[in-house]
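Since the structure comes first, as structure tokens, the remarks are kept for the end.
The values are calculated or read from the model by the stated rules, or taken from the named source; none is laboratory data. Source: prediction; values computed, not measured. FYI the Cβ positions are ideal-geometry reconstructions off the backbone, even for glycines, and counts take in every protein chain you see.
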């Protein structure tokens, strides 16, 4: 059983007004409708992180950037499931969808499924807002955007629970 993950980019989409506010002074990859997240306006943590990996630079914070250098990914090698939490640092974001990008190596590490949870504005517990199968046919491939079943969700943070192909969902 594969007990690891590699993910290059996590893109979070938002409303036009949110996009207009968030693109100011952003030095990050641009996807249509993407909320620009940086280490200044989002705190990213993960259940597991190899703290550098084989390249010495593979950290969970990399999933907010869009580069394609060998180190520009998040890798964890401890479990067949793992969560990533994006905390909007006290802000409320209008979420409309998500996209994911495979890393440069080891296709068997690509997550095959993700459940998405959000802390909706005014709520104290997380609520599941999506569940998606992921499929990558190439390295550095970005999925199509997975849209929510509602117009948008106003949230203070979002959690992604990833599963690889050998994990019961």
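Assuming residue 32 fulfils every condition listed in (1) at pLDDT below 80; (2) exposed (fewer than 15 other Cβ atoms within 10 Å of the Cβ); (3) within 13 Å of the chain's Cα centre (by Cα) apart from one, which condition is it?
Going through (1) at pLDDT below 80; (2) exposed (fewer than 15 other Cβ atoms within 10 Å of the Cβ); (3) within 13 Å of the chain's Cα centre (by Cα) one by one, residue 32 breaks only (3).
May I ask you to verify whether residue 148 is at pLDDT below 85, on the phi < 0 side of the Ramachandran plot, touching a strand residue (DSSP E or B) at 6+ places or on another chain (Cβ under 7 Å) and surrounded by 13 or more Cβ atoms within 10 Å (Cβ to Cβ)? Reasoning before the result, please.
On the way: at pLDDT below 85: yes; on the phi < 0 side of the Ramachandran plot: yes; touching a strand residue (DSSP E or B) at 6+ places or on another chain (Cβ under 7 Å): yes; surrounded by 13 or more Cβ atoms within 10 Å (Cβ to Cβ): yes.
Spelling it out, residue 148 is indeed at pLDDT below 85, on the phi < 0 side of the Ramachandran plot, touching a strand residue (DSSP E or B) at 6+ places or on another chain (Cβ under 7 Å) and surrounded by 13 or more Cβ atoms within 10 Å (Cβ to Cβ).
Just need a number here: residues in the stretch 117-149 that are touching a residue at least 12 places away in the same chain (Cβ under 8 Å), outside any strand (DSSP E or B) and out of contact with any helix residue (DSSP H, G or I) (no Cβ under 8 Å at 6 or more places or on another chain).
Going through the stretch 117-149, the residues touching a residue at least 12 places away in the same chain (Cβ under 8 Å) turn out to be 117-121, 126, 128-136, 138-149.
Now restrict to residues that are outside any strand (DSSP E or B): 121, 126, 134-136, 138-141, 143-145, 148-149.
With the extra rule that they be out of contact with any helix residue (DSSP H, G or I) (no Cβ under 8 Å at 6 or more places or on another chain), the set shrinks to 121, 126, 134-135, 138, 140-141, 143-145, 148-149.
Counting residues in the stretch 117-149 that are touching a residue at least 12 places away in the same chain (Cβ under 8 Å), outside any strand (DSSP E or B) and out of contact with any helix residue (DSSP H, G or I) (no Cβ under 8 Å at 6 or more places or on another chain) gives 12.
Is the stretch 110-118 home to any residue that is surrounded by 17 or more Cβ atoms within 10 Å (Cβ to Cβ) and within 18 Å of residue 59 (Cβ to Cβ)?
Checked against the condition, which is being surrounded by 17 or more Cβ atoms within 10 Å (Cβ to Cβ) and within 18 Å of residue 59 (Cβ to Cβ), the stretch 110-118 yields at least one hit.
Among (1) at pLDDT below 90; (2) more than 17 Å from residue 47 (Cβ to Cβ); (3) under 16 Å from the mean Cα position of the chain (by Cα), there is one condition residue 165 misses while meeting the rest; what is its number?
Status for residue 165: all satisfied but (3).
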